[in-house]
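K.L.:
Following this message is one structure expressed as structure tokens.
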Amino acid sequence: MNNLSTEDIVRKYGFKFSKSLGQNFLIDTSVLQEIVDSAEIDKEDVIVEIGPGVGTLTRELLKNAKLVIAIEVDRDLIPILKRELKEFTNFQLIHMDVLKMDFSSIARDADSVKVVANLPYYLTTPIIIKLLNSHYNFKTFTIMIQQEVGERIAAKPNCKEYGALSVLVQYYCDVELIKKVSPSSFIPRPKVNSIVIKLIKLHKPRVKVKDEKLFFKVVRCAFNMRRKTLWNAVKVLKIPKVYMENAFNMAEIDPKRRGETLSLEEFGKLSDCIYEISLKL
Ligand code: SAM
């Protein structure tokens, strides 16, 4: 069985890293094992891997899962992956930009889909948003990302890291911070620290809201102007003053507060009350 290290494979094919594709490949096998362990993969699982690189993590996933579907945009990596992973019959490779991927077409009939990735950092937020907003039916999403983004995702109200991304992810998922990873675990070394986190999809969103689009609109405007009071932030919704006062009263939320102090439940309450008063306009 072929068990070349990441460095061996890079050397063997004379692979040239692309900075613009966020290519920092994992070389630390203990971190690799930690990702596989925390993803809790079993033989019934279909794994979707985003950005397999030269396939070091992919190989470990293949040993444990029923099927691994890997999505890679770099055409130079496609023949390398095909060659290095040729002994696995449970491997499917899709040459595509993950942002163009129609997730509803992948593993449609599988009971248990887990997404695993050492993400290209320049795309972390768009990939997370895409996966969550597409309502893709995955169980867990275990990812290596920039540490600072991981802290923002897990942040609670009243801290500076808490923002629209925290609310979006926590609306759909529980968040576990698994392990901090230093730049020396990659080639080439990234300039930032990294962290492995696990998002566990909730059976239903954390808060029940009357209008999901409005909920996220309220969240976005609250954080777009995070130094302003909620009262000033929601002016962009262009709702007459007296109606908006009514909505804050009904929600029992002081409009002088800032968005970063609101819990998900409070955002839900406020957006529901705005929804109610909008019906009367
Ligand atoms: N999984 C490998 C590892 O752990 O060593 C590589 C991880 S590297 C941080 C990110 C990978 O994502 C690279 O293979 C890169 O080519 C790929 N990638 C970058 N942008 C992508 C995109 N838009 N769609 C799919 N893959 C992408």
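The values are calculated or read from the model by the stated rules, or taken from the named source; none is laboratory data. It should be emphasised that the depicted structure is a prediction, and the values quoted were computed from it without experimental measurement. Please note: Cβ atoms are built from the backbone with ideal geometry, for glycine as well, and neighbour counts cover all protein chains shown. Side chains are part of the model used for accessible areas, which takes the heavy atoms of the whole protein and leaves out ligands, DNA and RNA. Shrake-Rupley method; radii C 1.70, N 1.55, O 1.52, S 1.80 Å.
K.L.:
Within straight cross-link reach of LYS82, meaning Cα distance under 20 Å, which aspartates and glutamates are found once same-chain residues fewer than 8 apart are removed?
P.N.:
Partners found: GLU7, ASP8, GLU49, GLU60, GLU72, ASP74, ASP97.
K.L.:
For the chain, what proportion of DSSP beta bridges, expressed in % and rounded to the nearest 5, is antiparallel?
P.N.:
Taking every DSSP beta bridge within the chain, about 45 percent pair in antiparallel fashion.
K.L.:
Quick one: compute a quarter of the convex hull surface over the Cα atoms of region 159-268 and quote it in nm².
P.N.:
8.8 nm²
K.L.:
Suppose every Lys and Arg Cβ carries +1 and every Asp and Glu Cβ carries -1, with no other charges. What dipole size does region 1-112 come out with about its Cα centre, to the nearest 20 debye?
P.N.:
620 debye
K.L.:
Checking the a/c ratio against 1.5 first, then a/b against b/c, what shape does the Cα gyration tensor give for region 212-278?
P.N.:
rounded
K.L.:
Follow-up. Would you mind working out the accessible area per residue for the chain, using a 1.4 Å probe, and quoting it in Å²?
P.N.:
50 Å²
K.L.:
Mind checking which lysines have their C-alpha under 23 Å from LYS86, skipping anything on the same chain fewer than 8 residues away?
P.N.:
Cα-Cα hits under 23 Å: LYS12, LYS16, LYS43, LYS63, LYS66, LYS114.
K.L.:
With θ set to phi - 60°, apply the Karplus curve 6.51 cos²θ - 1.76 cosθ + 1.60 along region 193-201 and write out the HN-Hα couplings as whole Hz, x wherever there is a Gly or Pro.
P.N.:
Per residue, the Karplus-derived 3J(HN,Hα) values read 7, 10, 8, 9, 10, 10, 9, 10, 5 Hz.
K.L.:
While we're looking at this one, here's another question. Run a plain Debye calculation on the chain (Cα atoms as equal point scatterers, no solvent) and give log10 I(q)/I(0) at q = 0.09 Å⁻¹, rounded to two decimals, same order as the q list.
P.N.:
Ignoring solvent entirely, the Cα scatterers give -0.49.
K.L.:
A follow-up question, please. Defining a contact as two alpha carbons under 8 Å apart and six or more residues distant in sequence, what relative contact order in percent does region 9-152 show? It would help to have the intermediate numbers written out before the result.
P.N.:
Values: 208 pairs, mean separation 36.0, N = 144.
In percent, rounded to a whole number, it is 25.
K.L.:
For region 6-201, build the charge dipole from Cβ charges (+1 Lys, Arg; -1 Asp, Glu) around the Cα centre, then report which of PHE186, GLN33, SER104 sits farthest towards its positive end.
P.N.:
Of the listed residues, the answer is PHE186.
K.L.:
With axes computed from alpha carbons, what is the tilt in degrees of helix 212-224 against the longest principal axis of the chain, rounded to the nearest 10 within 0 to 90?
P.N.:
90 degrees
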